[in-house]
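Colleague: Input: one structure, supplied below.
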Number of protein chains: 2
Amino acid sequence: MTEEQHLSDTDDLQERLQEVENLLARHKLVEMLVHNQDMPRHELVEELVHKQNLNELCFKLDNMHPADVAYVLEALPLEERLLVWDLVRAERDGEILLEVSDAVRETLIDAMERHELVAATESLDTDELADLVPDLPQEVVEDVFQALPPEEQAQLRAAISYPEGTVGALMDFDMVTVREDVTLEVVLRYLRRFDELPDHTDKIFVVDRDERLLGLLPLESLLINDPDTDVRQVMKKDMVRFQPEDKSEEAAQAFERYDLVSAPVVDTENRVVGRLTLVTVVDFIREESEAEQLANAGLREEEDLFASVWDSVKNRWAWLAVNLVTAFIASRVIGVFETSIEKLVALAALMPIVAGIGGNSGNQTVTMIVRAIAMGQVKPDATRRLLKKELGVALINGVLWGGLLGTLAWWLYESISLGLVMTAAMTLNLLLAAFAGVGIPMLRQRLGGDPAIGGSVMITALTDSGGFFIFLGLATLFLL
Amino acid sequence: MTEEQHLSDTDDLQERLQEVENLLARHKLVEMLVHNQDMPRHELVEELVHKQNLNELCFKLDNMHPADVAYVLEALPLEERLLVWDLVRAERDGEILLEVSDAVRETLIDAMERHELVAATESLDTDELADLVPDLPQEVVEDVFQALPPEEQAQLRAAISYPEGTVGALMDFDMVTVREDVTLEVVLRYLRRFDELPDHTDKIFVVDRDERLLGLLPLESLLINDPDTDVRQVMKKDMVRFQPEDKSEEAAQAFERYDLVSAPVVDTENRVVGRLTLVTVVDFIREESEAEQLANAGLREEEDLFASVWDSVKNRWAWLAVNLVTAFIASRVIGVFETSIEKLVALAALMPIVAGIGGNSGNQTVTMIVRAIAMGQVKPDATRRLLKKELGVALINGVLWGGLLGTLAWWLYESISLGLVMTAAMTLNLLLAAFAGVGIPMLRQRLGGDPAIGGSVMITALTDSGGFFIFLGLATLFLL
């Protein structure tokens, strides 16, 4: 990417961050000198250098894109972050607050006065305000509401009323609407009165007298058609619409499937209430995939890299607690077979292999099934067919890898029956993993839950305890 | 989402799939009757019903969006998939091949004749062809090349020359360019000669005589400005440009950061060579996040849900093999301490807890660090600071959870020294996990590798073997 003015790519961002840090370091140095030395003749000079550094930093920040300022704020430790935040011009506070991550936003808001926060929100659209409101202190929210004109108050109230994960929570209110019975010339004259169109306007909504959606008029059709044409003749009636209650995930899939850039949001009576843009949908997709990654590792939310150790502990403890419980159960399963292990200590060395491979194989199955469900390709009645396939895969893997491990066990401990038990236990645990890997997400789907949540933990818990039980049980039956 | 003509949401898609399956089932039933019965008086009737079903299916498919046909094809078992594929009109083959997943695309291409494949490509743009070419048989690729006009041959050659993961592989060639020294009126007249603009055109590229990029002209500015204005006066010079060699991931981040809908791609001499659109970027983001999910579970690629058991085994074996090796090493570590376990069998029951919690905690750390690196917020020299924080978290977790588990072990086995060893081993293994969780991705980054790959496997291998070694080692030293 080629840099141009205030837009920059990752490398440039790293450089910018470095510049900011250098200026901060110089500023600190001067501050130290000022505080520690008592030589008055130097003070004036230092004060000047000091000011100059901060001025330079201010200037740099003014020329950076809000997203880039957000990046710098996120990459700085708390103290320096707040220093830079103070240097940002007040009228830019709002747009930058929108860009930073939730964890960092919290630290910035905590450092702001009530009147500063109210001022920061003044430059924002209602849909942007709606994103910010949940993080603002109650009294600031009240002030913000009172400062809005009645129409926007209603919009804001509507926007924050939709739960996260719905189209209503993602939509904005920046749409241009026209009537179907006018000519394109009239529309063109109407548009020429705008200073600018709402961001990412690729189409205009055609509505009737009651704001009911009749069709879509792409900007393109304003440009390629004769201005004397009626809107009615060129508008597209074949369109994707959403309702505020629709799931964001489904809207995102529709945007991808039909290559949309923007789409109207209508109420149950087909009146236009908002607009959904691809730019918002992309943010949603990215956030969702990040939340999934974090959840996979048992992190509840994104951690500010400079969060305190204690905040990090709180973010991670729930997952560790769950794992502790499942590990403890598995440990008790082993406890039951302690006499067997005492008699044949090789069992202790071999049992983690049986449990581990089962867990990995089960996770592969769960991942496959959850993905297929998410893409809408698995109907609840497909369970039997999928189960057959996964059990087949497990059987082959069990015989292949179990056979290999069995041979190794035979060779290591010079016992052919130990080898056979090893092979049998691995095969059975892989079959258990396949069964649970298909069953758990399919069951969750049928019961109306989210098949993606917790499947991996449950599988691992099952294949650990199950693997130990199967292996030690078979060994007790056949070897002792 | 409200359905309208051939656009449909997930529920509707499920219904459509059901309809197709019903028609297929009726078709099969009739075929069975025709083949198994020898009653001539029935044949004619059946033949008619048969034809009618297929006609109805054809009609349905004709009225579906290519993405929806792709969905149906992906959700059908091989035999029925190919039957439906035969019913799709030949001129739609190309666009549908673009939409299906790689695994399914392979099955469809395998079933097509050379001339059918060449015909299918005729409706495609060069950038779409470039996506398809890697999956086509060599002789078909040659035919396709020869059928193209020289300019498009050059474009196609350029497009397939860029490796996956670069902007060049994602860009298209559908851009509209104008000169800076004309009025908007001239541009408007020029555009009116188009039947339609390239998909997702939100801006026009302003170039000089040598195709060098001078600025961008948003469609919006054609609409809101006086037609007598010069392009030069309203074009935006402040822009994000890419080069074909830039990484797709960085381009995607820039699209998100700066809310772009399309952006020009230029060569080293600033000549416009292509265009990148948000719609393509979204596909890239989604594919990348899916590839990551699959890789996390050790799946090499997306599996066709109806792939044979054998294909699935091949897709999954590499990961299981790696895990087998690491599990075997951990097992050998236990083997070293077999005498200790024989003397104190409680060790066998407790050791999986130490290993398991270490693995989970290490994975949390790796996930955090990899994400921070991917977002460009971690410089290689931040290792020490991150290490300090993660070791702090590990210490607290070790004392808390290790203390709890130690107490449980004390209570279960009535040995306070066993409890103390348990607590110490858990704390040490968590510290090891934190150390490796920060160290492995940071080291990979410094060595120029991808920090995201394999970190989780390495951590788990380390905390398993390490956990067993620490726990059994401490026990041997202090308890026996």
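The values are calculated or read from the model by the stated rules, or taken from the named source; none is laboratory data. Everything numeric here is computed off the predicted structure, so don't read it as measured data. Neighbour counts run over all protein chains shown; Cβ positions are idealised from the backbone, glycine included.
Colleague: Mind listing just one residue for me: the one in the stretch B:187-198 that is in contact (Cβ under 8 Å) with a residue 24 or more places away in the chain and more than 7 Å from chain A (Cβ to nearest Cβ) and, of those, nearest to A:TYR190 (Cα to Cα)?
Modeller: Here the residue is B:VAL187.
Colleague: Give the number of residues within the stretch A:126-159 that are assigned to a loop (DSSP other than H, G, I, E, B) and crowded, with 16+ Cβ neighbours inside 10 Å.
Modeller: 2
Colleague: Here are some residues: A:ASP238, A:ASP259. Which one is among the acidic types (Asp, Glu) and at positive phi? Give the derivation first.
Modeller: On the way: A:ASP238 fails: at positive phi.
Only one candidate passes the filter, namely A:ASP259.
Colleague: Give the residues of the stretch A:327-337 that are more than 8 Å from chain B (Cβ to nearest Cβ) and either among the hydroxyl-bearing types (Ser, Thr, Tyr) or in a helix (DSSP H, G or I) (or both), sorted by residue number. Steps first, please.
Modeller: Applying the first criterion (more than 8 Å from chain B (Cβ to nearest Cβ)) to the stretch A:327-337 yields A:329, A:333, A:336-337.
The answer is A:ILE329, A:VAL333, A:VAL336.
Colleague: Also, I was wondering about something else. Just give me the residues in the stretch A:234-259 being under 30 Å from A:GLU185 (Cβ atoms) and of a type in the set (Asp, Glu), in sequence order.
Modeller: A:ASP238, A:ASP259
Colleague: While we're on this one: Under 8 Å by Cβ, and 6 or more places apart or on different chains, what pairs join a residue from the stretch B:264-291 that is in contact (Cβ under 8 Å) with a residue 60 or more places away in the chain and at the interface with another protein chain (Cβ under 7 Å from one of its Cβ atoms) with one that is among the hydrophobic types (A, V, I, L, M, F, W, C) and not in a helix (DSSP H, G or I)?
Modeller: B:LEU278/A:VAL261; B:LEU278/B:LEU260; B:LEU278/B:VAL261; B:VAL279/A:VAL261
Colleague: Another one. Run down B:VAL167, B:VAL141, B:VAL176 and say which single residue is without any contact (Cβ under 8 Å) to a residue 40 or more places away in the chain, within 30 Å of A:PHE255 (Cα to Cα) and not hydroxyl-bearing (Ser, Thr, Tyr). Reasoning before the result, please.
Modeller: Values: B:VAL167 fails: without any contact (Cβ under 8 Å) to a residue 40 or more places away in the chain; B:VAL141 fails: within 30 Å of A:PHE255 (Cα to Cα).
On inspection, the qualifying residue turns out to be B:VAL176.
Colleague: Do we find a residue being in contact with a helix residue (DSSP H, G or I) (Cβ under 6 Å, 6 or more places away or on another chain), of a type in the set (S, T, N, Q) and within 12 Å of another protein chain (Cβ to nearest Cβ) anywhere in the stretch B:133-156?
Modeller: Scanning the stretch B:133-156, I find no residue that is in contact with a helix residue (DSSP H, G or I) (Cβ under 6 Å, 6 or more places away or on another chain), of a type in the set (S, T, N, Q) and within 12 Å of another protein chain (Cβ to nearest Cβ), so the answer is no.
Colleague: Further, regarding this structure: Is at least one residue of the stretch B:302-325 part of a helix (DSSP H, G or I), closer than 29 Å to B:LEU432 by Cβ, more than 25 Å from the chain's Cα centre (by Cα) and more than 7 Å from every other protein chain (Cβ to nearest Cβ)?
Modeller: Yes: one or more hits.
Colleague: For the stretch A:221-234, state whether one or more residues are among the polar types (S, T, N, Q) and touching a Leu at 6+ places or on another chain (Cβ under 7 Å).
Modeller: Quick first cut of the stretch A:221-234, residues among the polar types (S, T, N, Q) only: A:221, A:225, A:229, A:233.
With touching a Leu at 6+ places or on another chain (Cβ under 7 Å) added as a condition, the list becomes A:225, A:229.
Yes, the stretch A:221-234 contains at least one residue that is among the polar types (S, T, N, Q) and touching a Leu at 6+ places or on another chain (Cβ under 7 Å).
Colleague: Condition check: in a loop (DSSP other than H, G, I, E, B) and farther than 30 Å from B:ASP181 by Cβ. Does B:PHE284 satisfy that? Give the steps one after another, and end with the answer.
Modeller: Values: in a loop (DSSP other than H, G, I, E, B): no; farther than 30 Å from B:ASP181 by Cβ: yes.
Judged against the criteria, B:PHE284 is not a match.
Colleague: Condition first: touching a residue at least 12 places away in the same chain (Cβ under 8 Å) and of a type in the set (Gly, Ala, Ser). Now tell me which residues in the stretch B:427-457 satisfy that.
Modeller: In the first step, residues of the stretch B:427-457 are kept if they are touching a residue at least 12 places away in the same chain (Cβ under 8 Å); the result is B:427-442, B:445-446, B:451-453, B:455-457.
Across the stretch B:427-457, the qualifying residues are B:ALA433, B:ALA434, B:ALA436, B:GLY437, B:GLY439, B:ALA452, B:GLY455, B:SER456.
Colleague: A further question follows. Report yes if A:VAL393 is of a type outside the set (Lys, Arg) and surrounded by fewer than 18 Cβ atoms within 10 Å (Cβ to Cβ), otherwise no.
Modeller: Numbers: of a type outside the set (Lys, Arg): yes; surrounded by fewer than 18 Cβ atoms within 10 Å (Cβ to Cβ): no.
Here the answer is no, as A:VAL393 does not meet what is asked.
Colleague: Please note which helices (runs of 4 or more DSSP H) are completely contained in the stretch B:371-480 and include at least 2 residues that are more than 13 Å from every other protein chain (Cβ to nearest Cβ).
Modeller: Values: elements: B:383-397, B:403-413, B:416-446, B:455-479.
Passing ranges, in order: B:416-446, B:455-479.
Colleague: So if I check each of A:LEU78, A:LEU98, A:LEU108, which one is within 26 Å of B:ILE369 (Cα to Cα), within 14 Å of chain B (Cβ to nearest Cβ) and either free of Cβ contacts under 8 Å to residues at least 40 places away in the same chain or buried (at least 22 other Cβ atoms within 10 Å of the Cβ) (or both)?
Modeller: On the way: A:LEU78 fails: either free of Cβ contacts under 8 Å to residues at least 40 places away in the same chain or buried (at least 22 other Cβ atoms within 10 Å of the Cβ) (or both); A:LEU108 fails: within 14 Å of chain B (Cβ to nearest Cβ).
Result of the check over A:LEU78, A:LEU98, A:LEU108: A:LEU98.
Colleague: Looking at the stretch B:212-233, I want the residues that are under 19 Å from A:LEU184 (Cβ atoms) and assigned by TED's automatic domain parsing to the domain that holds B:ASP202 and have a partner that is β-branched (Val, Ile, Thr) and buried (at least 21 other Cβ atoms within 10 Å of the Cβ) with Cβ atoms under 6 Å, at least 6 apart or on another chain. Which pairs are those?
Modeller: Once the first residue is under 19 Å from A:LEU184 (Cβ atoms) and assigned by TED's automatic domain parsing to the domain that holds B:ASP202 and sits in the stretch B:212-233, no partner that is β-branched (Val, Ile, Thr) and buried (at least 21 other Cβ atoms within 10 Å of the Cβ) comes close enough.
Colleague: Scan A:THR463, A:THR383, A:THR407, A:THR423 and give me the residue that is in contact (Cβ under 8 Å) with a residue 60 or more places away in the chain and out of contact with any Ser or Thr (no Cβ under 7 Å at 6 or more places or on another chain). Break it down into steps so the answer makes sense when it comes.
Modeller: On the way: A:THR383 fails: in contact (Cβ under 8 Å) with a residue 60 or more places away in the chain; A:THR407 fails: in contact (Cβ under 8 Å) with a residue 60 or more places away in the chain; A:THR423 fails: in contact (Cβ under 8 Å) with a residue 60 or more places away in the chain.
Only one candidate passes the filter, namely A:THR463.
Colleague: Which residue out of B:ALA291, B:ALA318, B:ALA251, B:ALA295 is within 21 Å of B:ASP450 (Cα to Cα) and in contact with a strand residue (DSSP E or B) (Cβ under 7 Å, 6 or more places away or on another chain)? Working first, answer last.
Modeller: Values: B:ALA291 fails: in contact with a strand residue (DSSP E or B) (Cβ under 7 Å, 6 or more places away or on another chain); B:ALA318 fails: in contact with a strand residue (DSSP E or B) (Cβ under 7 Å, 6 or more places away or on another chain); B:ALA295 fails: in contact with a strand residue (DSSP E or B) (Cβ under 7 Å, 6 or more places away or on another chain).
When all the criteria are applied, what remains is B:ALA251.
Colleague: Of everything in the stretch B:338-358, what is surrounded by fewer than 24 Cβ atoms within 10 Å (Cβ to Cβ) and either more than 7 Å from chain A (Cβ to nearest Cβ) or under 31 Å from the mean Cα position of the chain (by Cα) (or both)? Give them in sequence order.
Modeller: Listed by number, the residues that qualify are B:THR339, B:SER340, B:LYS343, B:LEU344, B:ALA346.
Colleague: Within the stretch B:196-203, identify whether any single residue is in a loop (DSSP other than H, G, I, E, B), touching a Pro at 6+ places or on another chain (Cβ under 7 Å) and in the same structural domain as B:THR277 (by TED's automatic domain parsing), and answer yes or no. Talk me through it step by step, then tell me what you get.
Modeller: Here is the first cut: in the stretch B:196-203, the ones in a loop (DSSP other than H, G, I, E, B) are B:196-202.
Adding the requirement that they be touching a Pro at 6+ places or on another chain (Cβ under 7 Å) leaves B:202.
Among the residues that remain, those that are also in the same structural domain as B:THR277 (by TED's automatic domain parsing) are: B:202.
Looking for residues that are in a loop (DSSP other than H, G, I, E, B), touching a Pro at 6+ places or on another chain (Cβ under 7 Å) and in the same structural domain as B:THR277 (by TED's automatic domain parsing), one finds at least one in the stretch B:196-203, hence yes.
Colleague: How many residues, within the stretch A:182-195, are part of a loop (DSSP other than H, G, I, E, B) and either of a type outside the set (D, E, K, R) or surrounded by 13 or more Cβ atoms within 10 Å (Cβ to Cβ) (or both)? Give the derivation first.
Modeller: Step one: list which residues in the stretch A:182-195 are part of a loop (DSSP other than H, G, I, E, B), which gives A:182, A:193-195.
Those left that are additionally either of a type outside the set (D, E, K, R) or surrounded by 13 or more Cβ atoms within 10 Å (Cβ to Cβ) (or both): A:182, A:194.
Residues flagged as part of a loop (DSSP other than H, G, I, E, B) and either of a type outside the set (D, E, K, R) or surrounded by 13 or more Cβ atoms within 10 Å (Cβ to Cβ) (or both) within the stretch A:182-195 amount to 2.
Colleague: Here's something else I'd like to know. Restricting the search to the stretch B:82-97, which residues are modelled with pLDDT under 90 and aliphatic (A, V, I, L, M)?
Modeller: Within the stretch B:82-97, B:LEU82, B:LEU83, B:VAL84, B:LEU87, B:VAL88, B:ALA90 meet the criteria.
Colleague: Which of the residues spanning the stretch A:57-101 are among the β-branched types (Val, Ile, Thr) and part of a helix (DSSP H, G or I)?
Modeller: Here is the first cut: in the stretch A:57-101, the ones among the β-branched types (Val, Ile, Thr) are A:69, A:72, A:84, A:88, A:96, A:100.
The answer is A:VAL69, A:VAL72, A:VAL84, A:ILE96.
Colleague: Okay, moving on. What are the pairs, 6+ residues apart or on separate chains, where a residue within the stretch B:57-72 that is more than 13 Å from B:GLU19 (Cα to Cα) has its Cβ under 6 Å from a residue that is modelled with pLDDT of 85 or more?
Modeller: Once the first residue is more than 13 Å from B:GLU19 (Cα to Cα) and sits in the stretch B:57-72, its partners that are modelled with pLDDT of 85 or more give B:PRO66/B:GLU95; B:PRO66/B:ILE96; B:PRO66/B:GLU99; B:ALA67/A:ARG257; B:ALA67/B:GLU99; B:ALA70/B:ILE96; B:ALA70/B:GLU99; B:ALA70/B:VAL100.
Colleague: Among the residues of the stretch A:204-226, what is the count of those that are more than 9 Å from chain B (Cβ to nearest Cβ) and either aromatic (Phe, Trp, Tyr) or in a loop (DSSP other than H, G, I, E, B) (or both)?
Modeller: Number satisfying all stated conditions: 5.
Colleague: Next up: Taking B:ASP131 as the residue in question, decide whether it is under 30 Å from B:LEU222 (Cα atoms), outside the structural domain of B:SER289 (by TED's automatic domain parsing) and at pLDDT below 90. Let's see the steps before the verdict.
Modeller: Values: under 30 Å from B:LEU222 (Cα atoms): no; outside the structural domain of B:SER289 (by TED's automatic domain parsing): yes; at pLDDT below 90: yes.
So B:ASP131 fails the test.
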